[in-house]
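Scroll down for the structure; my scribbles are underneath it.
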Amino acid sequence: MPAGITYATPPLWQQFGPQHLIVLGIALLACVNLLLFRTSARRVWLDVWIVASMVVVHAAWVAWALRTGFAHGGDLLPLYTCDASIFAGLAWVLWKRRWIGQIVFYWAFLGGVVTLLLPDTFGYALPHPAPLYTLTFHIQLVLLGLEVWAGEGVRPSWGSLIPVIVATAVLVPPSLYANARWGADYMFVSRNPGGIFTFLTHYTGAARIIATLASALTVLVVGLLAWFAGDWALRRWDTRRSG
């Protein structure tokens, strides 16, 4: 750094600070509008547009991260369920199978909601590209999951846990390999997590992996119960509007 020149420190992210609350408000407004106009959204293939926009946003993030050295290739592989939702979304718009839609709902909607509430912004505040990508991409995930459920009619069931557990388990071996081969950080194995997963810091090695997977299963079950409740509320709302 040249003598006499100082650079301002990037503003730090504030959990539930003004920026966070505005983003949550935008996400909520987008979700309400999708629910209100979900019949029209299905006619214009909204799920296809959402998946396409996810591909563009994620590709832009990967290009920026590699160009600036913000992250290396191992950390940018689509081995997080949120990133893997791109492929699940592509499979959904191509084949429209119910089990694929169930995976999309859990990975996209549930993962999107959790991340928007507890975003990994790398500590930066907007307009830094890291939180901009994280927040934009996860709003897209929430909208995709909502469209698959409320717009396309993929409803909850206890059997829906099977495909998402299998699909998530498929990500485990390559995630662990990426951690060992490139020093990546999948499944909170390479570093201690924060937020609701802080308790994992008390575990190491195989115990950390088991605790992480058990936590993920717990989140899935809680998400399914919330899905049942949301589906009941949506059907009740539709009945009242039609009556």
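Per-structure values
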read-out: Loop chymotrypsin sites (Phe, Trp or Tyr not before Pro), region 44-81, which have at most 13 other Cβ atoms in a 10 Å radius of their Cβ (DSSP); value: Trp45
read-out: Rel. contact order, % - alpha carbon contacts under 8 angstrom, at least six apart, region 18-232; value: 24
read-out: Percent carbon-and-sulfur accessible area, the chain, ignoring ligands, DNA and RNA, probe 1.4 Å; value: 71
read-out: Options (1) 16.3; (2) 15.5; (3) 18.3 - which one matches mean projected area of the Cα convex hull in nm² as calculated here; value: (2)
read-out: Calculated [θ] (222 nm, deg cm²/dmol) that DSSP helices of n ≥ 4 give over the chain, each run adding -39,500 (n - 2.57); value: -21500 deg cm²/dmol
read-out: Helix runs (DSSP H) in the chain reaching 24 Å along axis by Cα, Kyte-Doolittle at least 1.6; value: 18-36
read-out: Separation between Cα centres of region 56-111 and region 112-162, rounded to whole Å; value: 11
read-out: Per residue accessible area in Å² of region 18-232, where ligands, DNA and RNA are left out and the probe is 1.4 Å; value: 50
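The values are calculated or read from the model by the stated rules, or taken from the named source; none is laboratory data. All figures in this text were calculated on a predicted structure; none of them were measured in a lab. Glycine also receives a Cβ, built like all others from the backbone with ideal geometry; neighbour counts cover every protein chain displayed. SASA here: full protein model, heavy atoms, side chains in, ligands and nucleic acids out. Shrake-Rupley method; radii C 1.70, N 1.55, O 1.52, S 1.80 Å.
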